[in-house]
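Some notes on the structure that comes next.
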Amino acid sequence: MTDKFGGMGNCGKIFDIMPGLVGLGGALGAVAAGAVCDHFSNCRPLLILGVVTNLVCGARLFRLGSGRMWRPDHGPLPAAPSDQMPEPSR
């Protein structure tokens with residue numbers, strides 16, 4: 001999905017940033033979850049927020065579409081005609 005929506009030229013940048021964001025979210029998420037549970041004396045608001053967030057994100061995934069063909073220097077990928085296919089080596 002990364003190369004489909006971000007382009008192959010951006011894959012390295014995306015995969016460089018992702019681990020940092022996952023680590024930051026894991027660290028801050030645990031602190032925030034503890035604060036919410038302490039404030040409300042239960043974890044029900046976190047469960048409700050988690051269900052709503054997952055439903056919204058799941059619905060957004062279906063709206064992504066088919067993506068783009070990322071070949072800005074060469075245009076779209078051409079389909080090779082069958083008469084120009086190389087003969088298999090024997």
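The values are calculated or read from the model by the stated rules, or taken from the named source; none is laboratory data. None of the values given here were measured: they were computed from a predicted structure. Neighbour counts run over all protein chains shown; Cβ positions are idealised from the backbone, glycine included.
Tabulated values for the structure
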| read-out | value |
| --- | --- |
| Only listed residue being touching a helix residue (DSSP H, G or I) at 6+ places or on another chain (Cβ under 6 Å), part of a loop (DSSP other than H, G, I, E, B) and either hydrophobic (A, V, I, L, M, F, W, C) or at pLDDT below 75 (or both), chosen from 75, 67 | 67 |
| Residues located in segment 16-34, provided they are surrounded by 11 or more Cβ atoms within 10 Å (Cβ to Cβ) and farther than 20 Å from residue 46 by Cα | 18 |
